[in-house]
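Here, each number is a calculation from the coordinates, and none is a lab measurement. Quick caveat, the model's predicted, so the values are computed rather than measured. Note that we place each Cβ from the backbone using ideal geometry, even for glycine, and neighbour counts take in every protein chain shown.
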Amino acid sequence: MIDLTKSKAAFEEAKKYMPGGVNSPVRSYPHMGCPPPFIQEAHGSHITDIDGNTYIDYVGSWGPMVLGHAHPAVIKAIQKAAERSTSYGAPTVMETEIAELIHQVYPSIEKMRMVNSGTEATMSALRAARGYTGRDKILKFEGCYHGHGDSLLVKAGSGAATFGSPDSAGVTKGTAKDTLVVPYNDIPAFTKMMDEKGDEIAAVIVEPVAGNMCCVPPVEGFLEALRKETEKHGTVLIFDEVMCGFRTTFHGAQARYHIHPDMTCLGKIIGGGLPAAAYGGRREIMNCIAPDGSVYQAGTLSGNPLAVTAGIETLKQMMAIPDFDKILEKKTKDLLTGWKQAADKAGVPLVCHQSGSMFGIFFSEKDVLNYHDACSANAAQFKAWFLSMLNQHIYLAPSPFETLFMSYAHSDEDIEKTIQAADKAMEEAAK
Ligand code: PLP
């Protein structure tokens, strides 16, 4: 067993002053039977806690750390930017630079606005869609998580699913009634809903590769159906690529599946580990945003110089490495192949999913296509697997509903060590 004495004490102290002792629920290690390691520092593919345990990290701050932690070029750029001030609340040239860069990578984003979190990005995109269409209703998919905005905490994934509260208390019935929900990957259910209500729906919002009921890629024809039906009904199609952007491919899920959404939300990687996100899309929709239009949205720290600097540097570093996304995809595939072999050896039924450098496993005999399937996976086996991996210094997300992330910093040796650890962890899961 690893020694978590200092983390345990720090957690007890934190619980006195913060709900659950944390600033985001899943960090509290719900249902895992051990305190969360409190983190001291992280470099490359490794993260170290205050007890001095060092782990190979596949959480990567829940996605942003695609280059690995404390990448020297990113840190240097942030340091230089910080010397000039940490915030201006006024326009800077670098904000146009990141918008141009993002437009190059995501041509469907003709205009964009920066915000501070993925939550803000999705909330603001929905407001824009409602303002643009003059309609109230939105449609989301069960198990997709789009941040904690009121209208999106309905049948949500991620922490909401982990804690068994996909429909949050505190969301008014009035708000929830405008959110329609259908199962992910269910083309007939979606088409039926659009036939019945399509003309009242402002926006369909989707994680084109779901990453908050663990990793669930779209079935063939699903995203095509979304595009076709939304076009038919004049509904705005929003791809929430906060997680899968730059990971499914560098150009996102929209490039992998050749679907052009009307709007896209980005986050995580575009802040290089600092708080930044963005929403954008077709010019005529974005022209509805203040000051050009009547949809109000603003932010004291939006386009913050440190976050924008970290984002630009991260994207540039990724672009400088030929086939960056393919390299990460291959590392991920190698890892999952090893995990699957370990599961087979131990006689544990395992489903492995991957989309580029995001990945996850389900302790399940049948494939997982939606939230219902994800909930049917074996939670006890997940816990045994998770604890065994942690004890072998492999840092995974402490919930079966969370996706894992590969970074460029993960070496072949890291992957080999992680596969070796999986042998034992799968035996634990089999008990
Ligand atoms: N959208 C997706 C797909 C996400 O995965 C997340 C967070 O994990 C969000 C939105 C919310 O982003 P944030 O946590 O930055 O508010």
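Odds and ends about this structure:
- Taking K417, K155 and counting other C-beta atoms within 10 Å, the order from fewest to most: K417, K155
- Helices of the chain meeting both criteria, an alpha-carbon length of 30 angstrom or more along the long axis and an average Kyte-Doolittle score not below 1.6, with helices taken as full DSSP H segments, do not occur.
- Links that overshoot a 32 Å alpha carbon limit, given the list K232/K333; K232/K326; K155/K268; K268/K331: K232/K333; K232/K326
- Check: the chain dipole with +1 on Lys, Arg Cβ and -1 on Asp, Glu Cβ, in debye: 500 debye
- With eigenvalues of the C-alpha gyration tensor scaled by 5 and rooted, the stretch 120-243, Å: 20, 18, 13
- The overall shape of the stretch 158-219 is oblate: from the C-alpha gyration tensor, with semi-axes ordered a ≥ b ≥ c, the ratio a/c is 1.5 or greater and a/b is no larger than b/c.
- With all pairs of different C-alpha atoms in the average, the Kirkwood value for the hydrodynamic radius of the stretch 40-100 is 13.8 Å.
- For the chain, the Kirkwood radius over C-alpha pairs fed into Stokes-Einstein at 25 °C and 0.890 mPa s yields D = 111 µm² per second.
- Distance cut-off 33 Å, percentage of C-alpha pairs in the stretch 72-320 lying past it: 16 percent
- Loop-located GluC sites (Glu not before Pro) in the stretch 172-229 (DSSP state other than H, G, I, E, B) with a sparse environment of at most 14 neighbouring Cβ atoms within 10 Å: E220.
- The stretch 252-312 shape via C-alpha gyration tensor axes, a/c threshold 1.5: oblate
- Given charges at beta-carbon only (K, R positive; D, E negative), |dipole| of the stretch 72-320 in Debye: 340 debye
- Cross-link check: pairs K140/K340; K111/K316; K330/K417; K15/K366 evaluated at a Cα-Cα cut-off of 28 Å; pairs beyond the cut-off: K140/K340; K15/K366.
- Order of Y296, Y132 under a 10 Å beta carbon neighbour criterion, fewest first: Y296, Y132
- The stretch 38-197 shape via C-alpha gyration tensor axes, a/c threshold 1.5: oblate
- Counting neighbouring beta carbons within 10 Å and listing from fewest to most, the residues M319, M406 come out as M319, M406.
- Ellipticity estimate at 222 nm from DSSP helix runs (n ≥ 4, -39,500 (n - 2.57)) divided over the chain, nearest 500: -12000 deg cm²/dmol
- Amide H within-cut-off set for D240, under 5 Å, with H built and near neighbours excluded: V206, E207, C265
- Anchor K6: aspartates and glutamates whose Cα lies under 12 Å away (excluding residues fewer than 8 positions away in-chain): D49, D51
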